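**Q** First, the structure itself, so that you have it in front of you.
A short reminder: the numbers here are calculations on the coordinates, not readings from a lab. Computed from a predicted structure; not experimentally measured. All Cβ positions, even for glycine, are placed from backbone atoms using ideal geometry, and neighbour counts span all protein chains on display.
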Amino acid sequence: MYLKFILATVVALHLGGTWAAKADTDLSRVQVITSFYAPYSYSEDGNTQGIAVNQVRRLLAELNYFPTIKIYPWARAYTTALNAPNTALFSIARTPEREEMFHWIGEIIGFNVLLYRHKNRDDIQVNSLSDLKKYKVGALSKDVKGQYLNTQGIATIDINNEETGIKMLQSNRIDLLPTDRHSMEYRLKQNGIPADSLVPVFPLKDISKPLYIALSKDTDPEIVAAFREAYKRAFP
């Protein structure tokens with residue numbers, strides 16, 4: 001019995017020390033931001049929600065931290081995370097170019113990127129990336145999809161959001177639009193557009209990888225450590 005008491009006391013002291021250390025970490029300095037990317041993150045009735053939002057809230061719950069998750073256009077969210085300390089950003093692609101720009105916490109959602117065209121544009125045929133040079137390709141500003149195509153020598157036309165991109169496809173102002181399959185299906189349904197109006201013509205396998213939550217480079221090391229430990233608990 002005495003040995004059991006000693007062991008229980010040691011464990012209690014250890015756990016107490018762990019939770020005390022967490023309590024000393026001032027998480028109120030951390031702003032959590034995302035971008036409009038339904039069904040992963042979007043605003044409805046003034047509330048930020050979506051598949052990725054739910055995943056991040058699961059992580060934040062492990063920290064006993066329940067902030068308002070701000071939602072911005074992607075370019076603003078990305079620029080904010082690059083420049084503001086103690087900023088958590090999701091959902092962001094982890095690329096070699098971005099590797100040293102952030103503290104990477106962990107994967108949040110899957111990502112399946114394809115290039116879409118209007119169903120009536122049978123003249124658009126894509127068998128390789130080099131074929132894209134013949135077409136007008138839209139892409140979100142500062143988004144990984146456009147950045148990837150640019151590194152492959154493909155010029156892109158900046159669009160503010162993917163709803164705009166869909167409208168531009170429908171009116172033939174652009175020929176192709178790269179987007180995630182689930183996101184495209186969701187947007188077509190929400191806007192009352194037949195699901196077969198836009199069809200995938202080519203996969204972008206190099207960037208079809210899970211998206212992450214990351215912290216800005218100037219984030220307090222204690223906060224980074226707390227987030228990483230919380231991620232391990234939330235997603236063992």
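**Q** What value, in deg cm²/dmol to 500, does the helix sum -39500 (n - 2.57) over DSSP H runs of n ≥ 4 give at 222 nm once divided by the residues of the chain?
**A** Working: 7 runs with 86 residues, N = 236.
Per the formula, -11500 deg cm²/dmol.
**Q** Right, here's the next one. Arranged by the count of other C-beta atoms within 10 angstrom, fewest first, what order do Met101, Met184 take? Provide the component values of the computation, followed by the final result.
**A** On the way: Met101 15, Met184 22.
Listed from fewest to most nearby Cβ atoms, that is Met101, Met184.
**Q** Shifting gears a bit: Only Lys, Arg, Asp and Glu count, each charged at its Cβ (+1, +1, -1, -1), so figure out the dipole size of the chain about its Cα centre, rounded to 20 debye. Intermediate results must be reported in sequence, preceding the final value.
**A** On the way: 28 positive and 25 negative charges, 57 e Å.
In total the dipole reaches around 280 debye.
**Q** For segment 81-236, compute Rg over Rh where Rg is the Cα radius of gyration and Rh is the Kirkwood radius from the inverse mean 1/r over Cα pairs.
**A** Numbers: Rg = 17.5 Å, Rh = 16.9 Å.
Using Cα coordinates only, the ratio equals 1.03.
**Q** Would you calculate the separation in nanometres between label points at Lys142 and Lys205, each defined as 7 Å from the Cα along the Cα-to-beta-carbon direction?
**A** 3.2
**Q** Here is a further query. Rounding to the nearest 20 debye, state how big the charge dipole of segment 113-207 is about its Cα centre with +1 on each Lys and Arg Cβ and -1 on each Asp and Glu Cβ. Write down the numbers at each step before the final one.
**A** Working: 14 positive and 12 negative charges, 20 e Å.
Using only the charged Cβ atoms, the result is roughly 100 debye.
**Q** Please figure out what share of the DSSP beta bridges in the chain is antiparallel and state it in percent, rounded to the nearest 5.
**A** Numbers: 24 of 35 bridges.
Here the antiparallel bridges make up roughly 70 percent for the chain.
**Q** Have a look at Leu177, Ser43, Ile105 and report the one farthest towards the positive end of the charge dipole of the chain, computed about the Cα centre with Cβ charges (Lys/Arg +1, Asp/Glu -1).
**A** Leu177
**Q** Quick check: Cα centre of segment 128-201 to Cα centre of segment 43-58, how many Å?
**A** 24
**Q** Moving on to the next point. Starting from 0.36 nm per residue, how many nanometres of slack lie between Lys189 and Glu44 once their C-alpha separation is accounted for?
**A** On the way: separation 145, 0.36 × 145 = 52.20 nm, distance 1.57 nm.
Length gained between Lys189 and Glu44: 50.6 nm.
**Q** Hey, what did segment 113-207 get for relative contact order, percent, Cα under 8 Å, at least 6 apart? Intermediate results must be reported in sequence, preceding the final value.
**A** Details: 140 pairs, mean separation 44.6, N = 95.
Across segment 113-207, relative contact order equals 47 percent.
**Q** Would you work out which of Pro203, Asn86, Gln147 lies farthest towards the positive end of the dipole of the chain? Charges go on Cβ: Lys and Arg +1, Asp and Glu -1.
**A** Checking the options against the dipole of the chain, the answer is Pro203.
**Q** Can you give the FRET efficiency for Ala61 and Asp218, using 1/(1 + (r/R0)^6), R0 = 22 Å, r = Cβ-Cβ distance, to the nearest 0.05?
**A** On the way: r = 25 Å, r/R0 = 1.15.
Calculated value: 0.30.
**Q** Note down the nm distance, to one decimal, between modelled labels 7 Å out along Cα→Cβ at Leu129 and at Arg76.
**A** Result: 3.2 nm between the two label points.
**Q** Oh, and also: Under a plain spin-label model, where a point goes 7 Å from the Cα along Cα-to-Cβ, how far apart in nm are Asp122 and Asp196?
**A** 1.4
**Q** Here's something else I'd like to know. For segment 70-137, what class follows from the C-alpha gyration tensor (a ≥ b ≥ c being the square roots of its eigenvalues): rounded when a/c is under 1.5, otherwise prolate if a/b is larger than b/c, else oblate? Don't jump to the answer; show the numbers that get you there.
**A** Numbers: a/c = 2.63, a/b = 2.37, b/c = 1.11.
Prolate, since a/c reaches 1.5 and a/b exceeds b/c.
**Q** If r is the Cβ-Cβ distance from Arg94 to Asn172 and R0 is 45 Å, what FRET efficiency results, to the nearest 0.05?
**A** Details: r = 35 Å, r/R0 = 0.77.
Rounded to the nearest 0.05, the efficiency is 0.85.
**Q** Given segment 113-207, what percent of its DSSP beta bridges are antiparallel, to the nearest 5?
**A** On the way: 9 of 13 bridges.
Roughly 70 percent of the beta bridges in segment 113-207 run antiparallel, per DSSP.
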